[in-house]
Structures are given as structure tokens and as C-alpha cells.
1. Could you check the simple spin-label distance between B:Ile111 and A:Val126, using points 7 Å along Cα→Cβ, in nm with one decimal?
2. Counting other beta carbons within 10 Å of each residue's own, what order do B:Thr74, B:Thr94, A:Thr98, B:Thr27 fall into, fewest first?
3. Rounded to whole Å, give me the distance from the Cα center of the range B:1-61 to that of the range A:22-51.
4. Of B:Lys56/B:Lys80; A:Lys87/B:Lys72; A:Lys58/A:Lys87, which pairs sit farther than 32 Å apart, going by alpha carbon to alpha carbon?
5. Could you work out how far apart the two model spin labels at A:Phe152 and A:Val117 are, taking each label as a point 7 Å from the Cα in the direction of the beta carbon, and quote it in nm?
6. Within the range B:21-37, find all residues whose amide N lies under 18 Å from a label point positioned 7 Å from the Cα of A:Ile145 along Cα-to-beta-carbon.
7. In degrees, nearest 10, range 0 to 90: what is the angle between the Cα axis of helix A:2-53 and the longest Cα principal axis of chain A?
8. Per residue of the protein assembly as shown, what 222 nm ellipticity follows from adding -39500 (n - 2.57) for every DSSP H run with n ≥ 4, rounded to the nearest 500?
Amino acid sequence: MEHTNEERLKKEFQDMVKKSAPSSNFLKDCLAAFVVGGFICVIGQFVMNFFIGLGIPKEDVGYYVATIMVFLGAFLTGLGVYDNIGKFAGAGSIVPITGFSNSIVAPAMEFKREGFVFGVGAKMFVIAGPVLVYGISSSVIVGIIYYIINLFK
Amino acid sequence: MDYLRAFIVGGTICLIGQILMDKTNLTPARILVSFVTAGVILGAIGIYEPIVEYGKAGATVPLPGFGYSLAKGTIKEVEKYGLIGAFTGGIKATSAGIAAAIFFGYLMAIIFNPKAKS
């Protein structure tokens, strides 16, 4: 009897958790995304200030920041650290450029056994490919529109 | 001050991504694609520039910053070289990020193996 009571209580509690979960999880997700995403950008700012301090011209410093951040994202993914951050941080770890390199390394590692061409080489671009396709294509369209507008100026 | 601004601007961009993920059915891949494309459009119409000036790395490290660089590079090259700049500018401006992503991505995928899912 006691046992079934306990079971019933557990079930009731689980139902209660389920009901209250969506809204509190949503706020928790948002806070985690904000803090982790912001923190990754603070690291980026640190890298930026470091290279400005070394006397790198302002217009070139972005190259250094992108390279270092992409490296960090890829390395931490390889170590298995980045995916653990991702479970907690959600968009906070997806939206920064470190998330872009995570999206390259994770599937490439996963499909390594399918070979170095169709495994690693192809699966690297499962997510990065579409990002480059839409990003670069839309920038070409921007360039063409900008060119046409300038013709009529 | 740089760091506080980077934290707030970068955090806010990620927060927008989180809200989209929780409230719509957008998958992470779609978030990435839409954020880069949004960055290109906002960069082209001049809205993202002031965000970069204020937030610095907070605006350039998130993926809309990648789109912003693509648009900015394209416009700069069109001004300099004409129509061919539409094809050269974007990748020139983002060359370091793209090459680093491919090179380090490949390297890390070769060196490391996936961890057992916990």
C-alpha cells in the first residue's frame, strides 16, 4: 500500500514538473544563452584588444579574431568540451562563430569511419555548407544591387 | 567598457537566437543560416554598422557579424573594381574565418574522436 502511494506521489510530482517546466525552462534557457553567448564575445573582445595592442591595423584585426575564435571552437569540440557547453547554453554556443566551427568538427568526427573523402571531407559541410551557400549568395546579390544603384546615381 | 558592451551585445544576439529556437521550430542549422543571411541584409542597409561600432566583438563574433563582413567586403570591392567586386569582395573579407574553419575543422576531426554521449 505504501509502495503504491509512493508511486502515485511520484507520478503526481512528475506531472506537476511537466506542467511548470516549459515557462521556467524557457527563462533558464534564455539566461544561459545570454550569459554564455556574451562570455564567448568577451573572449573575442579580449583577442581583439590583444592584437590591437600588438599594433595590428584595425581593419585587419577581424582576421585574427575570426581565426582564433574558429580555432578555439574547433579545438574545444575535438576535446568534447564544446558539446557539453552546448547542452547547457543552447543558442549561446550555437550563434557565435565558435558554434560555426563546432558545426564543422562534430559531424566530421562522427562520420570519420565513412572515410576521409565522403566521411570527413563531405560531412564537414552538412551545416556549414548551407551557411556558406546562403551567406555568400546573398552577399553577391547585395553587390549586384549596389552596382546597379550606383549606375543611376 | 569594451568587455561589458561586447557581453551585452553578444549576449542579446544569442538571446534572440534562443527565443527563436524555443518559440518556433527553427533547428540550430536554420538559425545559423538565417542569422548569417540577416547579417548580410542588415550590413547592406547600414543597420549593423552602428551595432559593430558599439558592441565591437559582441557584434562581430556572433554569426550576423559574419554576414555583415560578407556584405561590407562586397560593397567595398564593388566601389573599387565594379561588378566583379560582387563576386570577390565577400569571400575576401571573410577569407580568414572560412579558411580557418575548413583547416582547423578538418585537423580537429582527424585528431580527435567523438566522445561517448553521456
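1. Computed distance between label sites B:Ile111 and A:Val126 equals 2.2 nm.
2. B:Thr27, B:Thr94, A:Thr98, B:Thr74
3. About 12 Å separates the Cα centre of the range B:1-61 from the one of the range A:22-51.
4. A:Lys87/B:Lys72; A:Lys58/A:Lys87
5. 4.9 nm
6. Residues B:34-37 qualify, since their backbone N sits under 18 Å from the label point.
7. 20 degrees
8. Details: 12 runs with 222 residues, N = 271.
Counting only the DSSP helices, I get -28000 deg cm²/dmol.
Where a number appears in this text, it was derived from the coordinates with a stated rule and is not lab data. This is a predicted model, so every value here is computed, not measured. We place every Cβ from the backbone using ideal geometry, glycine too, and count neighbours over all the protein chains shown.
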